[in-house]
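The values are calculated or read from the model by the stated rules, or taken from the named source; none is laboratory data. All values reported here derive from a predicted model rather than from experimental measurement. Here the Cβ is made from the backbone with ideal geometry for all residues, glycine too, and neighbour counts use every protein chain on show.
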Amino acid sequence: MSDASAADSTPANGGAPPSNERSLSTTRRVLFASGTVGNGLLPGFLVAWQLYYFAPPADSGRSILVPALVIGWVNLIGQIVHSLADWAIGYASDRTRSRWGRRIPWIAVASPICTVAFMAIWWPPLATVGWLNVAWLASIRSIFWIAYTASVGPYCSLLPEVTEPGAERTRVGAYMAVFEVIGTVLSSVVAGQLIDRHEHGGMLAGFHFTDGYKYTAALLSLISLASMWVSIAVIREKPHDASKEVPYGPVQSLVETLRNPAFRPYALAFIAFRVGLNAIIVVMPYQADVILHLAHPESAAGNLQGVIVLGSIPFFFVIDRLVNRTGKRRVMLWGFLGFAVVIASAGFIGLYPVGAPLAQAYAVYALCTFPVATLFMLPRPIMADIIDLDAKRTGYRREGIYNGAEGLLTKFAEGLGPFLAAALLDQFGKTTANPLGVVLTGPIAGAICLLGWFLFLRYPIKT
């Protein structure tokens, strides 16, 4: 669709988001933003602990349930399927009509399905390696990711609608980043402690769980469900109008999204970032085990992730000021570049001539705090700006397909990161005697994140 034809079909309001009579109150901003606890909590736990749970090191004393490389393939193939679900659900969400709006019904129904499916991942049918475990992991992961997409995609689509462009949107983005940090802390630091504490099982809500992974997965699933339901209880979607009558079919809708000159560099940059980030997260428990030689690698890996995410919180206020002065684009570029350099250096922890290996680890990951703060805080407001640009170009509010298209591209990347890590660990080693696979992951992940920085240089919106 050309710009001229888009203009011919533009609704009377030009596709601009209808103005609120007043901005959201601070309480409603905070409660709406609390949904990002659920957004990051379950995927964070899955990325951080799945490979280590199903394919522990040979000298860990635990049984392998699914070989590491097989998990990599399950992740990669599954994410391709799930990315198609992002596209389909985003398109369907844009075309939904109900008394509650286009997004809220999806969130309300899909969230409990997501919760149950996530719990089930950690109950494989066999206590030893076997193809039945592979089939279980592949099928239950698929149900989880489709339900996750059906709740989180519509939730993210609400941001451009319920906030005004400018200061309010950036402020809500900051609140969302804080809650995402809380979710990340729960999925890493707290999860690691809970896994260790309940290694031999524990009681939760009257049910007995046989190990720390099952106990922690159940607890975090319930927290995620509560956060999603609270977030939609405090907001109302704007009334249906001409800008929500999107006429495109599913293919044309995706094509129009890809034509947006701001969406392409954003999506490609974050594909690269997610590959590098997920690869290094997967390797952190192995790093704590075979490089740092710590007695409780789950707790140690969680603590290292905690240094990153908790240390990023003070920078949210710094970034808010920097964005007002220099714009989101420039600050985001600083974040990409800093993250690439630090993650590359993480591969050499234990080899630096100064300090003990554990001290080196804390020092290196502490340097991630500012870059990670930008990556927590800015993507959602940037995506909202991209969607506003699309509304000016096409005349329609298409938040759903944008989040779906982003998922279509980045879900593949989320699968590729763990696949890359699993392949490196399988090919080059993940034991104390042969840790080369663990060492190589950092520089390779850093190089991929550097590619993301280069791609984002083409992002055109300067504000």
Taking the range 419-463 and keeping only residues that are more than 19 Å from Lys328 (Cα to Cα), touching a residue at least 12 places away in the same chain (Cβ under 8 Å) and not in a helix (DSSP H, G or I), one is left with Lys430, Thr431, Thr432, Pro435
Yes or no: Ser111 at pLDDT 85 or above and surrounded by fewer than 20 Cβ atoms within 10 Å (Cβ to Cβ)?
no
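Which one of these is surrounded by fewer than 16 Cβ atoms within 10 Å (Cβ to Cβ), under 30 Å from Leu194 (Cα atoms) and either free of Cβ contacts under 8 Å to residues at least 40 places away in the same chain or out of contact with any strand residue (DSSP E or B) (no Cβ under 9 Å at 6 or more places or on another chain) (or both): Ala279, Ala346, Ala288, Ala356?
One residue alone meets the criteria, Ala356.
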Search the range 185-217 for residues being touching a residue at least 40 places away in the same chain (Cβ under 8 Å) and among the hydroxyl-bearing types (Ser, Thr, Tyr), and hand back the single one that is surrounded by the fewest Cβ atoms within 10 Å (Cβ to Cβ).
Tyr213
Every residue from the range 427-463 that is under 21 Å from the mean Cα position of the chain (by Cα) and among the aliphatic types (A, V, I, L, M):
Ile444, Ala445, Ala447, Ile448, Leu450, Leu451, Leu455
Given the options Ala226, Ala217, name the one that is aliphatic (A, V, I, L, M) and within 25 Å of Ala68 (Cα to Cα).
Ala217
Quick test of your reading of the structure: Ala405 fulfils all but one of (1) closer than 24 Å to Leu42 by Cβ; (2) in contact with a Phe, Trp or Tyr (Cβ under 9 Å, 6 or more places away or on another chain); (3) modelled with pLDDT of 85 or more; (4) not β-branched (Val, Ile, Thr). Name the failing condition by number.
(3)
Scanning the range 290-349 for residues that are of a type in the set (Phe, Trp, Tyr) and in a helix (DSSP H, G or I), which turns out farthest from Val438 (Cα to Cα)?
Phe317
Only one residue in Ile143, Ile121, Ile182 is under 17 Å from Val37 (Cβ atoms) and either touching a residue at least 24 places away in the same chain (Cβ under 8 Å) or of a type in the set (D, E, K, R) (or both). Which one?
Ile182
